[in-house]
Amino acid sequence: VRFGLSLTALASLRGNVLNQSLLIAMGEVLLSILLLTIGGYLITRHIKSLLSATRRVAKGDYSNPIDVTNQDEIGMLAESFNTMAITVKNRIDDIAESESRFRTIFDAAGDAIFIFNIENGQVIDVNQRMCEMFECTYEQALQLSLSDFAADIEPYTLGDAHEKMRLALTLGPQTFEWLTQHLDGSQFWVEVNLRQAYIGKANRIIGLVREISERKQAEEA
């Protein structure tokens, strides 16, 4: 009995196996590309939503939360971001309300109130009574400094004003009478109380000013 193998059949079989392997490999590559494309789209579309939301928040728009319902890490991140945005918005609203209450009380005070920069004597903030007393607008007031309130008559000069500031910083609150002037140069008498205060992290001088022109005229009479 003689057994034999046909080389032609083996070569054909090998070719078929190689072709099938190549087809399977190409199918796996295409399937992998398809899965990566779909997975990448599903991930990046949520990342784009996160990126868009962060840009809105950076511009102060907290009204549009991220709409991601997935329960994966992206969904958890979106939920945390929405919670953070709501918290920030609530705090901003609280600060705005507090600022509004402060401004209302500040402007309702019967005395003129100044807040000065200690380093250069520049006016940082004033209330409505200050604008009425010195006959200026709020915008004009913020352009003023100590030199604008000194009558430039001894002992009511700019140097004297700086000395009063120094005493308020070193010895505590200072109360004194002062000859000051409107923006048009007309002079009038005031009683001033200067005191040091920390506003935020900055050291400032707060000035409370009350007009006493009538009292001074009565004293002179």
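Connecting C-alpha atoms closer than 10 Å in a GNM of the chain, tell me which of Asp125, Asp184, Asp111 has the biggest fluctuation.
Most flexible of the set in this elastic network: Asp184.
Could you compute the longest span of the chain free of GluC sites (Glu not before Pro) located in DSSP loops and having at most 13 other Cβ atoms within 10 Å, not counting the site residues?
Working: sites that count: Glu119, Glu135.
That would be 1-118.
Once the whole set of protein chains is in place, how much accessible area is left on Thr83, using a 1.4 Å probe, in Å² to the nearest 10?
80
Evaluate Rg over Rh across the stretch 95-160, taking Cα atoms for both radii and Kirkwood's formula for Rh. Please report the intermediate quantities before stating the final value.
Details: Rg = 13.4 Å, Rh = 12.9 Å.
Across the stretch 95-160, the Cα-based Rg/Rh ratio is 1.04.
What are the principal axis extents of the Cα atoms in the stretch 90-221, in Å, biggest first?
Result, largest extent first: 58, 30, 24 Å.
Between Val29 and Asn64, what's the calculated FRET efficiency when r is the beta-carbon distance and R0 is 35 Å? Round to 0.05.
On the way: r = 41 Å, r/R0 = 1.16.
Computed FRET efficiency for Val29 and Asn64 comes out at 0.30.
Hey, any idea what the orientation-averaged projected area of the convex hull of the chain's Cα atoms comes to, in nm²? Mind showing how you got there, number by number?
Numbers: hull surface 102.7 nm².
The directionally averaged projection comes out at 25.7 nm².
Would you rank His162, His182 by solvent-accessible area, highest first, keeping every protein chain in place and using a 1.4 Å probe?
Values: His162 85, His182 30 Å².
Ranking His162, His182 by accessible area, largest first, yields His162, His182.
At 7 Å along Cα-to-Cβ for each site, give me the label-to-label distance between Leu142 and Ser100 in nm.
If labels sit at Leu142 and Ser100, their model points lie 2.0 nm apart.
Please compute the modelled spin-label separation between Asn203 and Asn90, points set 7 Å along Cα→Cβ, answer in nm with one decimal.
3.8
With each label point set 7 Å from Cα along the Cα-Cβ vector, what nm distance links Ile124 and Gln196?
A separation of 1.4 nm, rounded to one decimal place.
Order Arg103, Arg91, Arg210 by their accessible area, 1.4 angstrom probe, all chains in place, largest first.
On the way: Arg103 55, Arg91 160, Arg210 120 Å².
Per-residue accessible area, sorted high to low, gives Arg91, Arg210, Arg103.
The values are calculated or read from the model by the stated rules, or taken from the named source; none is laboratory data. Predicted model, so just to flag it, every value in this text is computed and none were measured. All Cβ positions, even for glycine, are placed from backbone atoms using ideal geometry, and neighbour counts span all protein chains on display. Side chains included, ligands, DNA and RNA excluded: accessible areas come from the protein's heavy atoms. Shrake-Rupley method; radii C 1.70, N 1.55, O 1.52, S 1.80 Å.
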